Amino acid sequence: MTDSPTIAIVGSGPIGSAYARLLLEGVPDARVVMFEAGPQLTDVPGESVRNIPDPEAKELARERSQGPQAGSFRSSLGIPESAVVEGMFTARGGTHLIDFGGEGSGHAPTFPAAAASTNVGGMGAHWTCATPAPAFSERIPFIPDDEWEGLVAEAEALLHVQHSAFGDSGIGSAIRSLLAEEFGAELPEGYGPSTLPVSGDPQPDGSMRWAGADVVLGPLIEAGNPLAERFELRDLTLVRRVEHDGPRVTGVTVQDLRTGETSFVPADLVVVAADAFRSPQLLWASGIRPRALGHYLTEHPVVISTVALDSERMSRYATEEQLDAELARRATNPADPVAAVNRIPFSEPDHPFSLQVMYAENPPFQLDPEHPASGNRWGFVNMGYGMRKQPRFEDGVTFDDGELDYRGFPNMTIRYELTDAEKAEIEAGTEHLRRAGAALGTFVAEPRLLPNGSSLHYQGTMRTGDADDGTSVADPYSRVWGYDGLVVGGNGLIPTATTMNPTLMSVAIAVRGARKAVEELTAREHAEVG
Ligand code: FAD
């Protein structure tokens, strides 16, 4: 390394953005170039599309993120018109299925809801912004507790996490009281019903400006900020290969999707944060193939339901005036479905699940006007339990050099199976959901297990580990074992079975990786000067 270091980042989601921010803040003369395969959706790069007030503009932003399923935008995203799309499942708005069923589609019959987002900000432009931290065995065993607390605190600051969002809602508080009546005695101190931490900035009118990669990038996208001068974001630019000379990574080969032109960008450090499926795919395509790459896939089996809140039970803890105040607040931003978000977090030994409870004045589907709960004045909750999937080598994504996908990468096949022990835990979680529903009111949608892949929280495919023993892809600082100058980031790093939304944990892992990379880049510079 002779000049100031160049860092290439693949992917502009919250994790790539955390690396960009921390590396530029930590290495005073470094330059960061971030490559993003998808388009920039909003004037502020990486902003949550949930903040777009106009419903049509919001829908358009979602469609433009849908890669091979982006309808009329497909050719402008560099996807051949000939790639046929015939999805059997509908992906969530802003995402596209890995197995969309047409030419160049991935294969995921046992994990059919697997999806991705292709846009500046990644899935972080579409997420629900729930940011709980892992607890008990969800944590990474080789990171000391006090260090972990510091990493989480920095991750929370990067994501603008609020611990008491909607904490003043009388309705939210009544819901917590009813859940505490039902479960309180069974749960350890500090792990009872509480408000769910969320990522965003409360506004004076009581609404929330939801956070995305924009807040993580922070000063990097602020006009006139000196850090912004050393940061470059190239949208619609696909990284085709991580180049390396033996174990030493030298840069990336990128394709400008507007012109089709391919070029080599030299870099002193490459950070691959291109999601839990496409990061391992890119490494595989680059000939970087650790044994664990793509394996040990986990997610959260999810059981969801909708409950009409019972007026008699709710009025034991909330007044009519509080309900009126809640409805008035909701009326200020009816397009935002999230209000008064509560949870019961994971705890061991008796509650190895995460419950998320979102209040809304209407159910998320059309209720028959004849239904007794139709127009329920006290409203509804959409509730779901996240359950555990234990990491196993045989669950994961493999890549076929002989069959290319619609982007020209070795195609993916996802294989995944729930074990009997996991099915039993899902059964137990479903029973808890029935109890929660009965405590709050009446089910208008009974608990149901969603198809595999529905959580959108894909973990384990690039696990971090404390030994290079074939069960992990990256070392404890997210550096790919056996390579120099290559760091990976994202939910794929999470090696444990977890039940909570993973982004905060992945940002905390990235903070650790970034601190180590800053140390190394700085030490190299000093060595060269000396
Ligand atoms: P991503 O955000 O997926 O970004 C990866 C980016 O890499 C993408 O933009 C992609 O286009 C780009 N890319 C891929 N390949 C290449 C390449 N070869 N070259 C260039 N660019 C490439 N998580 C939570 O913790 N809480 C929640 O409440 C929550 N709710 C969610 C709700 C929805 C609807 C969705 C879709 C997701 C939700 N998630 C939630 C998941 C959360 O969004 C992800 O955990 C988070 O975005 C992961 O960040 P990332 O940076 O690792 O990856």
**Report entry** Residues that are open to solvent by 10 Å² or more (accessible area, probe 1.4 Å), at pLDDT 95 or above and more than 6 Å from the ligand (Cβ to nearest atom), drawn from the range 1-27
**Finding:** Thr6, Arg21, Leu22, Glu25, Gly26
Query raised in the report: Which ranges mark the strands (runs of 3 or more DSSP E) fully within the range 203-304 that have 3 or more residues being buried (at least 17 other Cβ atoms within 10 Å of the Cβ), within 16 Å of the ligand (Cβ to nearest atom) and β-branched (Val, Ile, Thr)?
Result: 237-245, 248-256, 269-272
Query - Leading residue by the ranking (nearest to Val357 (Cα to Cα)) among those in the range 126-152 that are more than 8 Å from the ligand (Cβ to nearest atom) and among the small types (Gly, Ala, Ser) - result: Ala133
Query raised in the report: Scanning the range 28-48 for residues that are away from the ligand (no atom under 16 Å from the Cβ) and either in contact with a Cys (Cβ under 6 Å, 6 or more places away or on another chain) or assigned to a loop (DSSP other than H, G, I, E, B) (or both), which turns out farthest from Arg234 (Cα to Cα)?
Result: Pro28
Query raised in the report: Looking at the range 52-60, is at least one residue more than 14 Å from the ligand (Cβ to nearest atom), hydrophobic (A, V, I, L, M, F, W, C) and surrounded by 22 or more Cβ atoms within 10 Å (Cβ to Cβ)?
Result: no
Query raised in the report: Of the conditions (1) within 14 Å of the ligand (Cβ to nearest atom); (2) without any contact (Cβ under 8 Å) to a residue 60 or more places away in the chain; (3) not hydrophobic (A, V, I, L, M, F, W, C), Pro349 fails just one. Which one is it?
Result: (1)
Requested in this report: Quick one: count up the residues across the range 466-496 that are within 16 Å of the ligand (Cβ to nearest atom) and part of a loop (DSSP other than H, G, I, E, B).
Outcome: 7
**Report entry** Lone qualifier among Gly482, Gly470 - being open to solvent by 50 Å² or more (accessible area, probe 1.4 Å), among the small types (Gly, Ala, Ser), over 30 Å from Pro372 (Cα atoms) and touching a residue at least 60 places away in the same chain (Cβ under 8 Å)
**Finding:** Gly482
Report summary line: Counting only residues in the range 317-366 that are of a type in the set (D, E, K, R) and within 30 Å of Lys423 (Cβ to Cβ), the one most open to solvent (accessible area, probe 1.4 Å) is identified as Asp350
Query raised in the report: Consider Pro197 against the criteria (1) open to solvent by 30 Å² or more (accessible area, probe 1.4 Å); (2) touching a His at 6+ places or on another chain (Cβ under 6 Å): it satisfies all of them except one. Which criterion is unmet?
Result: (1)
**Report entry** Candidate set from the range 376-405 (those that are open to solvent by 70 Å² or more (accessible area, probe 1.4 Å) and not in a strand (DSSP E or B)); member that is farthest from Thr498 (Cα to Cα)
**Finding:** Arg377
Report summary line: From the option list Gly513, Gly492, Gly429, Gly453, single residue qualifying as touching a Phe, Trp or Tyr at 6+ places or on another chain (Cβ under 6 Å) and under 28 Å from His107 (Cα atoms) is Gly453
Requested in this report: Could you list all residues from the range 89-111 that are open to solvent by 10 Å² or more (accessible area, probe 1.4 Å) and of a type in the set (A, V, I, L, M)?
Outcome: Ala91, Ile98
**Report entry** So Gly172, is it farther than 30 Å from Tyr477 by Cα, open to solvent by less than 60 Å² (accessible area, probe 1.4 Å) and either among the aromatic types (Phe, Trp, Tyr) or touching a helix residue (DSSP H, G or I) at 6+ places or on another chain (Cβ under 9 Å) (or both)
**Finding:** yes
Query - Residue among Phe111, Phe136, Phe73 that alone is over 17 Å from the mean Cα position of the chain (by Cα), modelled with pLDDT under 95 and among the aromatic types (Phe, Trp, Tyr) - result: Phe73
Report summary line: A careful count of residues in the range 423-447 that are surrounded by fewer than 17 Cβ atoms within 10 Å (Cβ to Cβ), acidic (Asp, Glu) and assigned to a helix (DSSP H, G or I) gives 2
Query raised in the report: Are there any pairs, at least 6 apart or on different chains, whose C-beta atoms fall under 8 Å, with the first in the range 252-269 and closer than 13 Å to Leu77 by Cβ and the second open to solvent by 20 Å² or more (accessible area, probe 1.4 Å) and of a type in the set (Val, Ile, Thr), and if so, which?
Result: Gln255/Thr262; Asp256/Thr262
Report summary line: Among Leu450, Leu456, Leu504, the single one that is within 16 Å of the ligand (Cβ to nearest atom) and surrounded by fewer than 17 Cβ atoms within 10 Å (Cβ to Cβ) is Leu450
Query raised in the report: Among the residues of the range 191-198, is any within 16 Å of the ligand (Cβ to nearest atom), over 24 Å from Gly386 (Cβ atoms) and among the β-branched types (Val, Ile, Thr)?
Result: no
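The values are calculated or read from the model by the stated rules, or taken from the named source; none is laboratory data. What you see is a predicted model; the values in this text were computed from it and never measured. Quick reminder, even Gly has a Cβ in these numbers, built from the backbone with ideal geometry, and neighbours come from all protein chains shown. Please note that ligands, DNA and RNA were not included when accessible areas were found on the heavy atoms of the full protein model with its side chains. Shrake-Rupley method; radii C 1.70, N 1.55, O 1.52, S 1.80 Å.
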